[in-house]
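None of the figures in this text is laboratory data; all of them are computed from the coordinates on show. Quick caveat, the model's predicted, so the values are computed rather than measured. Methodologically, a virtual Cβ is constructed for each residue, glycine included, from the backbone with ideal geometry; neighbour enumeration extends over all protein chains shown.
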């Protein structure tokens with residue numbers, strides 16, 4: 001009886017070990033995707049104190065990778081109190097979020113910048129305020145490390161206008 005219990009116990013342990021070591025013969029894309037993080041935050045810095053040059057009458061590119069191209073579209077808005085954010089195009093590229101020329105007060109704000117597979121997805125909010133007596137060309141400039149490459153996708157979301165800014 002003891003020999004039978006011991007051999008039954010050893011058989012059960014052997015079956016458990018073999019079951020635990022079983023691996024599927026083939027991984028599917030769906031299985032791999034479960035183990036990868038679908039949304040990875042991408043670091044960025046907002047560039048400030050620039051303006052869109054007056055000769056620009058077309059849409060701006062979403063991605064700018066060189067100082068020459070950047071200077072074609074943007075000028076520096078230097079004042080006694082404000083200096084433009086330095087941009088090192090050797091290590092960074094610029095994502096441009098542009099709103100068309102408008103007479104409404106517009107607020108653009110970054111909600112998130114994430115990598116989703118091969119895409120860099122920028123979620124941002126647009127808030128529209130009162131009509132102004134002049135036109136403006138609202139935009140955001142994000143400095144993103146060149147190591148964070150991918151197709152740029154811009155996703156806008158409507159938000160309430162903040163009068164306390």
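What ranking, highest mean first, results for peptides 98-109, 76-87 when packing means the other Cβ atoms within 10 Å averaged over each residue?
98-109, 76-87
Subtracting the Cα-Cα distance from 0.36 nm times the residue separation, let me have the gained length for residue 53 to residue 163 in nm, one decimal.
36.9 nm
Taking a ≥ b ≥ c as the square roots of the Cα gyration tensor eigenvalues, with a/c under 1.5 meaning rounded and otherwise prolate when a/b beats b/c, else oblate, which class fits the range 42-89?
Judged from the Cα gyration tensor, the range 42-89 comes out oblate (a/c at least 1.5, b/c at or above a/b).
With the contact rule set at Cα under 8 Å and sequence spacing of 6 or more, what percent relative contact order holds for the range 33-165?
The value is 30 percent.
Over the Cα atoms of the range 68-165, what Rg and Dmax result, in angstrom?
Considering the range 68-165 through its Cα atoms, Rg and Dmax are 15.1, 44 Å.
Using 7 Å Cα-to-Cβ label points, what is the residue 128/residue 79 separation (nm, one decimal)?
2.8 nm
What FRET efficiency comes out for the pair residue 148/residue 104, r = Cβ-Cβ distance, R0 = 35 Å, nearest 0.05?
The value I calculate is 0.60.
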